[in-house]
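Down below is the structure, laid out as structure tokens.
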Amino acid sequence: MHKKEKAKINCPIFLKREWTIKELTRDINDAKAIIEKAERAEYLKNEVEMLLSCEKYDEKSLNCKNCHFIANLRKKTADLIIKAKKLA
């Protein structure tokens, strides 16, 4: 049985935001009420927007492509949580 290797994104901007994003994700998961989850999802959305609007984005860089892919998934997740609050 082989241990899966985590893909690494070698970018100081991503790494700086990643810690905050992981903390926000943990907080969203720990929150009980949808209102609390949605408030934290707004912060998460802001963090990933910063990654998506990175001025150093290089479409030829695999690091940048992976960063944007992950950021877009997280943005969609945040949007779903925010929409769920509106439905509650």
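The values are calculated or read from the model by the stated rules, or taken from the named source; none is laboratory data. Just so it is clear, the structure is predicted and the values come from calculations on it, not from any experiment. All Cβ positions, glycine included, derive from the backbone under ideal geometry; neighbour counts span all protein chains shown.
Tabulated values for the structure
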item: Residue satisfying all of: in segment 38-60; charged (D, E, K, R) and over 9 Å from the mean Cα position of the chain (by Cα); farthest from ASN10 (Cα to Cα) among these; result: GLU39
item: Residues satisfying the stated conditions in segment 14-55, i.e. touching a His at 6+ places or on another chain (Cβ under 7 Å) and among the acidic types (Asp, Glu); result: none
item: Residue in segment 53-60 that is assigned to a helix (DSSP H, G or I), on the phi < 0 side of the Ramachandran plot and modelled with pLDDT of 95 or more present; result: no
item: Any hit, segment 12-30, residues being surrounded by 13 or more Cβ atoms within 10 Å (Cβ to Cβ), touching a Lys or Arg at 6+ places or on another chain (Cβ under 6 Å) and not acidic (Asp, Glu); result: yes
item: ALA33, sole failed condition from (1) farther than 14 Å from PHE14 by Cβ; (2) surrounded by 12 or more Cβ atoms within 10 Å (Cβ to Cβ); (3) more than 10 Å from the chain's Cα centre (by Cα); result: (2)
item: Output for segment 11-41, where each listed residue is in contact with a Ser or Thr (Cβ under 9 Å, 6 or more places away or on another chain) and not in a loop (DSSP other than H, G, I, E, B); result: THR25, ILE28, ARG40, ALA41
item: Top-ranked residue of segment 52-63 - restricted to ones that are of a type outside the set (Gly, Ala, Ser) and free of Cβ contacts under 8 Å to residues at least 40 places away in the same chain, ranked as nearest to ILE34 (Cα to Cα); result: LEU52
item: Members of segment 64-88 found to be closer than 13 Å to GLU47 by Cβ and touching a residue at least 40 places away in the same chain (Cβ under 8 Å), listed by number; result: CYS67, ILE70, ARG74
